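In what follows, a structure is listed as structure tokens, so that the remarks can point back to it.
The values are calculated or read from the model by the stated rules, or taken from the named source; none is laboratory data. Predicted, not measured: the structure shown is a model, and the values here were computed from it. Glycine gets a Cβ as well: all are built from the backbone with ideal geometry, and neighbour counts include every protein chain shown.
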Amino acid sequence: MPAAGHAARLAPLAASKEILPLGEVEVPGGGRRPWRVCEHLLGALRLAGCARAYVLMRPAKRDIAVALGDGSALGLPLAYVPVERSASVPETVDHAYDLVREAEVALGFHDVLAEPAEGLREVVERRRATRADLALGLFPTDRPEKADMVELDPRGRVRRIEIKPPSTALRFTWLYAVWGPRFTELLHDAVARHAAPERELQLSDVIERSLSDGFRVEAVSFPSGSHLDIGTPGDLARARARFAAQPTS
């Protein structure tokens, strides 16, 4: 879970964006507690069968670790990886390189509430069934200028990605990714080689490179799926209204 950003669009904040409350959840023994932004993603990771979640965060965000603890209350062991400095999401993710270089890795974004919650599990299953280097979970969007749009071939494999195009005929953006060690090595190399400080390296840049290098990249599409990015005050308010009306249990 990348958590090294500054949430500039929401500033000022009383707490890190990742742990802002959206609603409430029941706790064993009675009572309720805040249900936080990042718990949507952590729940998807748990449902996907992840053995551990790594929270990649700036040291200033220590309130995340205080709020979430070791993850026992969430049913998913958590570990925290300090990120002193990062210029991009790939660079943030690469801070976990030594911890996950031999593992199957699942990635999502804490500030994008993607549904169905079981979607990430389907992406894991697709990668394993096809033995792909990488598998993506695709969701429809009508805001391509804020998304990375994915084109598939007739077999359901990823053909190419358009990064935040002003307009496009493509309908789906990727919000989940699951990969194996070969892609981890490619990402590690891409971060080390990136030498264009005027342009932020994107995860989709690394995916595009994997396609050029002949990697097998599969996808699972969720045509009826939905997602809400809570990165702006208006969208955060919409998310809170939605989950207040439908309390999490």
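Values computed for the structure shown
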{"item": "Residue check for Ile230: crowded, with 21+ Cβ neighbours inside 10 Å and at pLDDT below 95", "result": "yes"}
{"item": "Only one of Phe222, Phe172, Phe215, Phe183 that is closer than 30 Å to Val25 by Cβ and of a type outside the set (Gly, Ala, Ser)", "result": "Phe222"}
{"item": "Conditions (1) modelled with pLDDT under 95; (2) surrounded by 14 or more Cβ atoms within 10 Å (Cβ to Cβ); (3) not in a helix (DSSP H, G or I): number failed by His40", "result": "(3)"}
{"item": "Restricting segment 172-205 to residues that are crowded, with 23+ Cβ neighbours inside 10 Å and of a type in the set (Val, Ile, Thr), the residue that is farthest from Arg160 (Cα to Cα)", "result": "Val178"}
{"item": "Matching residues, segment 83-99, being of a type outside the set (Asp, Glu) and either modelled with pLDDT under 95 or in a loop (DSSP other than H, G, I, E, B) (or both)", "result": "Val83, Arg85, Ser86, Ala87, Ser88, His95, Ala96"}
{"item": "Residue ID - nearest to the chain's Cα centre (by Cα), chosen from residues in segment 125-153 that are part of a helix (DSSP H, G or I) and surrounded by fewer than 22 Cβ atoms within 10 Å (Cβ to Cβ)", "result": "Lys146"}
{"item": "Enumeration of residues in segment 193-230 that are assigned to a strand (DSSP E or B) and not hydrophobic (A, V, I, L, M, F, W, C)", "result": "Glu218, Ser221, Ser226, His227, Asp229"}
{"item": "Any hit, segment 137-154, residues being touching a residue at least 40 places away in the same chain (Cβ under 8 Å), under 13 Å from Gly225 (Cβ atoms) and in contact with a helix residue (DSSP H, G or I) (Cβ under 7 Å, 6 or more places away or on another chain)", "result": "yes"}
{"item": "Residue within segment 100-123 that is farther than 30 Å from Arg242 by Cβ and loosely packed, with under 15 Cβ neighbours inside 10 Å present", "result": "yes"}
